[in-house]
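Remarks on the structure that follows.
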Amino acid sequence: MRVFHFLFLVIIGASPALASFTSEATPADRLVVKEGFKVERLYSVPKGKLGSWITLTEDNKGRLIAGDQYGSIYRFPRPAPDQQLKPQQIEKIDLNIGHAWGLCYAFDSLYVVVNDKHHQGRGLYRLRDTTGDDKFDKIELLKKFQEVGGEHGPHAVIPSPDGKSLYIACGNQTALPEKYQASRVSEVWGEDTLQPRIYGRAFMKGAKAPLGWVCKTDPEGKNWEVIATGFRNQYDIDFNPQGELFTYDADMEWDINTPWYRPTRINHVISGAEFGWRNGSAKWPEYYSDSFGAAVNIGPGSPTGVIFGTGAKFPHKYQRAFFACDWSYGKLYAIHLKPDGSSYKGTAEEFIAGQPLPLTDIIISKADRAMYFTVGGRRVQSGLYRVTYTGKEPTTPAPIDKTNSEIRSKRLEIEKLHLQPDPSKIELIWKNLGSNDRATRFAARTALEKLPTNLWAAKTFSEKDPSTQLAATLSLARTGSKDHQKQAIDALLKHNYQSLPLQSRYDLLRSYALVFIRLAPPTDQQRTKVAQALTPSFPASTANENIELSNLLGYLNQPQFLASAISHLHNAPTQEEQIAIAKNIRLTTTGWTPELEEKYFSWFTKASTYKGGASLSKYLNYTKNDALKRLSPERKKALKPILTARPPTQAPIASNRIPKFVKDWKMNDLKPLLGVGLEGGRNFEKGREMFSAASCFACHRFNQEGGGIGPDLTSAAGKFSPHDLLESIIEPNKEISDQYGAMKFTLNDGSEIIGRIANLTGNEYRIITNLMAPGDMTHIKTKKIKSIDPWEQSMMPAKLLNTLNDGEILDLLAYILSAGDEKHPLFQK
């Protein structure tokens, strides 16, 4: 595998006939499958009769049950090995129920999550056989959900590990269940954005927290308990063998290449978690301590079904894997999670892939230990598949991994306090607020917020440990009153920003923001003091610090910050960092001079060339229009040549560096430098600058910066040698992995389109053809496609290094190999 090759999936085999695009699910022999595994296509669903299947479960007799997104629910036996499902074996459940987005057989019942206004509307239903004739004959609506919704509405329902309750997942178009009985999440809901957000395209504009949630209920649906909130659109959930809950949450693809873009991601759903999804630019970054963040960031996609491999007749590695379906890009990931403190981190492996392969749901059969998955949704061609292992590794049940069980037990002990607050446990809570383990810190802070503030506010102000004091202040800002504001700010001002570790710097800035948002706005004296304390630290060495510093300092509206902000606006190496700074100073009213205004508004001319998701241009216009509101008519007239200027080129020009041809670099030119040249003393900032100058940031995400449409390169350091990295850049076509190629779509008129399917609906594919402009898709009607074939060239451009000298190339390689760590030995003298 070559790390720099863009993530285009190759379908192996000859081009399919036209019928394959319109009436058959993709054949199994056209899928890229992990070595040692076998995929069978068991059934190609006739769209006109049985619809498009999006959910799947298994009953107590080993039969499968599938649901059509817009229609009925069907039950059928598992086909024998190497056999197909026959149409006459499919039984429609003959009740007034359907439009199922979640199915679960438990407690001798079929639970159905309906996401539509049909039947009795959106909600959780229970189907039972009351006569013993193996026919469901009774429907009971257990809980009605909010009637405003769509594809981000009610989704999965699964049984709990102890077999006593159910867990339900709903996306961010569904409010919390009415009259729920308990919440593990702190019930201090808020948007918590310091400056007014900006909006792109107006999807769900005005929607506010709490949205996107997981709840627990009993088999009768009587008592409801909120487990976690702040998701965008998590379609499915599952427990690992240790009883820990996970999900795969969606991105907002329109936000790609903006600073608030969050890739699709695997989340560990701990008790009381808040994951910080907010609309527009107000999304919480994962380094906020009041958000729990991701276990694994994946990239662009459309998350659907998930399942742990527990019980599968697979090798141990894959029994322990968390399988996650991506509907739009046609990938089934195997997520390999490893304990990280009391939580987890992991890596994603492409297990199965195809074009098209719109995966919807996935299960592990208890009857035959095989994996089954469905494709379909949005009225596209649907199918049923089975995955079995044919290799030689042992497939005995994998033992439970007990790594870090002690620290996990400590977190679980604290999490009990989320439902049963106990003032006598305040010392237990307090000593874990500054834990080195993020999940334990989060659990302790949530438990603290369940207690009355009068029990711990004074303790916050007298605390000497910076990590503990900042965690407690953050909680006090969320749960306290305006009477706490002055003491909180005084306590925060005692911290020396430069002496704090990076996470504590984020916590300090977040605590200032929350105090001003929730307790009381700053006094004039506080504005001055806080600005004086923080302005010398801007610009910092990391993009995220600069984003947070500019947000707070822009809000404080102090004149001494503006000149350095506008200078960095033009010098920051990525469009994401620049966009954030432009947004964060747009409402500042002090410190402006004619020269600074000219520099600020001239940046928008450059920014008009930036590429990204469908909302990018609207975000830029929103920012610019906000800034224009403070100008007088006379000033607008004077600035008109700048305000109406057009860029000299439409190519993205985030870097201020003027590209000049240096050399048409070949591997033989640079191979001799890879030894001594990478033994230390490289320049971190120069490497980051070169990552931008070579256009890497345009497509690739690295250390939480850059575009999301290409593979995240943060983990490249642990997988690839300097030689392999360099070769992948200089010779992108030398070796293209089966999993990382583009596709050639040949149309009936003989024309060709090169790209990959990124979205699909009905009888239409939407193709990304330009890596620099992922929001600009080419739409193709499937009936116009003659064939789909692998494309023999990488879509990564060649000659990207030809404007860099040899030292700059070495700095670039060092930056990638360091995983963005400026303290890495590669940068030490």
Starting from the alpha-carbon convex hull of the stretch 386-452, give the projected area averaged over all orientations, in nm². 7.6
In whole Hz, the Karplus estimates of ³J(HN,Hα) for the stretch 542-558 (6.51, -1.76, 1.60; θ = phi - 60°; x where Gly or Pro) are 10, 5, 5, 4, 5, 5, 6, 4, 5, 5, 6, 5, x, 5, 5, 6, 9
Suppose we keep just the DSSP beta bridges with both residues in the chain; what percent of those would be antiparallel, to 5? 95
Within the stretch 466-516, which trypsin sites (Lys or Arg not before Pro) sit in a loop by DSSP and count at most 13 neighbouring Cβ atoms inside 10 Å? K494
First check a/c for the stretch 101-177, with a ≥ b ≥ c the square roots of the eigenvalues of its C-alpha gyration tensor; if it is under 1.5, answer rounded, and if not, answer prolate when a/b is larger than b/c or oblate otherwise. oblate
When Lys and Arg each count +1 and Asp and Glu each count -1, what net charge do the other residues less than 14 Å away from V148, Cβ to Cβ, add up to? +1
For T174, which sequence-distant residues (separation of 5 or more, or a different chain) have an amide H within less than 5 Å of its own amide H, given hydrogens modelled in the peptide plane? G212
Using the Kirkwood formula on the Cα atoms of the stretch 583-628, what hydrodynamic radius do you get, in angstrom to one decimal? 11.3
Could you grab the relative contact order for the stretch 314-392? Cα pairs under 8 Å, six or more apart, rounded to a whole percent. 22
Accessible area per residue in Å² at 1.4 Å probe, computed on the stretch 246-294: 12
At 0.36 nm per residue, minus the direct Cα-Cα distance, what do T347 and D749 gain on full extension? Give it in nm, one decimal, please. 140.5 nm
Farthest towards the positive end of the dipole of the chain, among L127, A321, P241 and with Cβ unit charges of +1 on Lys and Arg and -1 on Asp and Glu, lies the Cα of L127
Could you please state how large a percent of the accessible area of the chain is carbon and sulfur, counting protein chains only and using a 1.4 Å probe? 50
Residues whose built amide H sits under 5 Å from the amide H of Y111, excluding neighbours closer than 5 in sequence, are C104, Y105, A106, L127
Show the residues, 5+ positions off or on another chain, whose built amide H is closer than 5 Å to the amide H of K786. T746, L747, N748
Which value in Å does the Kirkwood hydrodynamic radius of the chain take, with 1/r averaged over all unlike C-alpha pairs and then inverted? 28.2
Of all the stretches in the chain, which is the longest one without any exposed loop site, taking GluC sites (Glu not before Pro) in a DSSP loop (any state but H, G, I, E, B) with at most 16 other Cβ atoms within 10 Å? 221-678
Using θ = phi - 60° and the Karplus relation 6.51 cos²θ - 1.76 cosθ + 1.60, list the HN-Hα couplings for the stretch 289-297 in order, rounded to whole Hz, with x at every Gly or Pro. 6, 8, 10, 8, x, 10, 7, 8, 8
Over the stretch 23-134, what is the relative contact order in percent, taking alpha-carbon pairs closer than 8 angstrom and at least six residues apart? 18
Relative contact order of the chain: what whole-number percent is it, with Cα pairs under 8 angstrom and at least 6 residues apart? 14
Over the chain: helical MRE at 222 nm, DSSP H runs n ≥ 4 each giving -39500 (n - 2.57), nearest 500: -7000 deg cm²/dmol
In debye to the nearest 20, the charge dipole size for the chain, taken about the Cα centre with +1 at each Lys and Arg Cβ and -1 at each Asp and Glu Cβ, equals 1340
Calculate, in nm to one decimal, what S23 and L502 gain on full extension: separation in residues at 0.36 nm each, minus their alpha carbon distance. 167.0 nm
³J(HN,Hα), Karplus 6.51/-1.76/1.60, whole Hz, each residue of the stretch 750-766, x for Gly, Pro: x, 6, 10, 10, 9, x, 9, 5, 10, 7, 7, 7, x, 10, 9, 9, 10
Alpha carbon centroid spacing (whole Å) that separates the stretch 547-590 from the stretch 84-113: 55
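The values are calculated or read from the model by the stated rules, or taken from the named source; none is laboratory data. Keep in mind the model is a prediction, meaning the values are calculated, not measured. Reconstructed Cβ throughout: ideal geometry from the backbone, glycine too, with neighbour counts over all protein chains shown. When the accessible area is computed, the model is the full protein with side chains, heavy atoms only, and any ligands, DNA or RNA have been set aside. Shrake-Rupley method; radii C 1.70, N 1.55, O 1.52, S 1.80 Å.
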